1. Using a 1.4 angstrom probe on heavy atoms only, work out the carbon and sulfur share of the accessible area of the range 436-489 in %.
2. Using 1/(1 + (r/R0)^6) with R0 = 25 angstrom and r between the beta carbons of Leu617 and Lys696, what's the FRET efficiency to the nearest 0.05?
3. In whole Å and largest first, what semi-axes does the C-alpha gyration tensor of the range 291-396 yield when each eigenvalue is scaled by 5 and square-rooted?
4. Only four residue types carry charge here, +1 at the Cβ of Lys and Arg and -1 at the Cβ of Asp and Glu. Report the dipole size of the range 584-635 about the Cα centre in Debye, rounded to the nearest 20.
5. Counting other Cβ atoms within 10 Å, keep those with at most 15, restrict to DSSP loop, and tell me which GluC sites (Glu not before Pro) in the range 538-580 are left.
6. Name the residues of the range 286-319 whose amide N is less than 20 Å from a point 7 angstrom out from the Cα of Met66 along the C-beta direction?
7. Sort Arg379, Arg343 by accessible area with a 1.4 Å probe, largest first.
8. So what is the relative contact order for the range 499-558, in percent, with contacts set as C-alpha pairs under 8 Å and at least six apart?
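The values are calculated or read from the model by the stated rules, or taken from the named source; none is laboratory data. Keep in mind that what you see is a predicted model, and the values were worked out from it rather than measured. Reconstructed Cβ throughout: ideal geometry from the backbone, glycine too, with neighbour counts over all protein chains shown. Areas reflect the complete protein model, heavy atoms only, side chains present, ligands, DNA and RNA absent. Shrake-Rupley method; radii C 1.70, N 1.55, O 1.52, S 1.80 Å.
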Amino acid sequence: MRTEMIRTMKQVFGKLRKYGKSDYRLLRLCNFLADLLITAFAFIICSPTIQDTFPDNGDSMKQVMMIFVLALAGCLIFTAYAAALFFRYKSREIGVLLALGAGKRSLGGQLFLDLGISMVLPGAGGILLGAPFAWGIWQIFRLFLVDKSGTVLTFTSGGLAVGLAFLSVSLAVSCLLGLRFLAGASVMDVVNTQRRSEPIRDVKGWYLPVGILLCILGAVLGYGHTGFFVNVLKRMPPGWMQILYLPILPGIYMIILYAVIRGRKKRRHPYQGIISRSMMKFQGRQTVNNMVVMTILVAGACFALFYAPMTSAGLIYDIESWERDVSLRLRKDLDLPDRQEIRELAVQYGVELSEWQETEVICLGRDGVLDELDEETGRFTEEYRKIIGDALCLSESGYEKLTGQEVQVEAGTCDSVVSKGSEEDSAQEAGIFTNMSTGRELEAKAGQIRHYRMLSDCVILNDQDFQKISEGLQESWRETFVLFDLAGDKDQQAEYGFAKALYQRILDGSEGAGLDSEFYSRAVKADTEKRGEEYWADSDPEGQFTKEEQGTFSFQTLWKYRPQIRVLEEQDLITRFAVLFMTFVFMALVCFTSVLIISYTRSLTVALGNRQVYQDLERLGAGVEFRYDALRRQISKIYQVPTILGMLAIFGFFSMILYVNDGKISPSEGMGLLVCVVLELLLAAVLFGFYRKSLKKVCQMLGVKRRAGGSWQEPS
């Protein structure tokens, strides 16, 4: 038999790598997955498809970046713990080599070489596969879409740069952990790395209520400080005020400590689970830290998943509340279809129209107080202006014609039309209306509030007042408001074809001001130019659209004259919001995958760190069933506590936001929250299945096994 001579430390580590492949497997896997997920996430965020869909500095993009930061932190943490596990694997080998006289410098060089190879090569593979992985997941999402136009994913080099930066940071953190590992002054410090405890001081009974109070305080202060600054102090809060969310972190930490160390006391069996609690108490500091990160990532994953059901529920409820199937705003200065042309189009598709009603509406300027933000001081200043926005007005007889509701509006007053439940937000106050062609003004007091969803935010004027203020008004300020139903056998395919054709006909006939967005005010523009100033919305890319932008998300959601057609909105809902929905689902996938990997690596840490404890229990006579129960209690807390706490916390925070917005939770919001509960239960089921797999793996590592029939089997 030929014996190979080993003369260098490089050859020693080569042999160790050859016979200890399993020691490197987890480190490589964790780094590959971390770089794959982060790079794919970065490619998604940096994609022009996403950037063109999400409004700049909008709430949706802020949510995306917040969840991305959580994913970065989570992936960085589980790569760091994978490196720590690697050093635990290597501790005995390093200790033996130190005892044989090897120097720390030579050992460190080879150890870091092994670490670098085990991180850089898998990490580079993850980075290279990041774009194909993101594209593949995106394509799977697109399979569920009917209309795939506008959802084609394109990439830039930004995702690659983020992936490389993440790999560099994770490698640097792991090297710091390696330096700390080698800093042991003696051989025994390195050999006994697995025996080193991480004690937690005693947890008092007040930890739970104080932790809950800190979480509530952080959520209320973090979310509510903006409203306080804007409404009371009349200024925007500084960015550093986001630190008001920080009490949530110590709150979560205290709740987890209480749940892990103390838990629910059992008077009948006070010593039940004492082994698992004691091991967690004396060796569980890093486990608790991991559980805090897992809690935040679970909350981030749920928050991302909540976006689609909450948005969809609100839109579906809104569409179902429409009083008519079709609502059209047809400007009189454009080449738009009239009643005859629309009927002919319906005949082509075999669709019957019914309950046709139309009336004239006019666009006037209205006065009000403008809250303007001073960019230098961050303060809001209030200034009264004769023209602050547009007011869509119709006469009392026109309102009766459209709705069938009898109204009487006194001269010199104006009634407001709002949706049910939004009276306080949408009611028109007393003010001055201005004819933008002649400059004539009409002063009107606030009248009654009328409810009609499809005429929401319109103003009803007395017939005589309407006649007077509209005299001399140019055609460009006049519109025909049309309401009708689609009758017949409700052939969805025919109705959808008619709706698409009608929509396209109106879009083809629209040009210039007919392509304005909802926040573009022609009255303010005319008044601003009259004062010799430039209207701010003229330089905003989302102020006015072009027909080439008809496929963009901004156009489909902000076009002021977009026809409201029930069948079109219902069938195109998912397609219209597809990019947003798919982005948030992808983010939830990244966060949730991070949770699974962190929980798995920590479960293995428990097995390695407590191997000696379980061996001692076996020598003391503890049976397999007893040791299995102790393991089960330890591993279950790693999964159970972060899952329950993260899901309850984000659900409560989300519910608080919905309630604070308008002082109530609407039926659509309630329906969306119910869907969110179902999604949380599905995630919990997946985590439970993963917990069972982790428990089985740990039991195999510690020799705690069952026979095929379910009875316990002592290790041989």
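1. Carbon and sulfur together cover 38 percent of it.
2. Here the calculated transfer efficiency is 0.80.
3. 41, 31, 12
4. So the dipole magnitude of the range 584-635 works out to roughly 80 debye.
5. Working: sites: Glu542, Glu548, Glu549, Glu569, Glu570; in loops: Glu542.
Here no loop site has a sparse enough neighbourhood.
6. 292-314
7. Values: Arg379 115, Arg343 80 Å².
Reading off the accessible areas and sorting them downward yields Arg379, Arg343.
8. It comes to 36 percent, rounded to a whole number.
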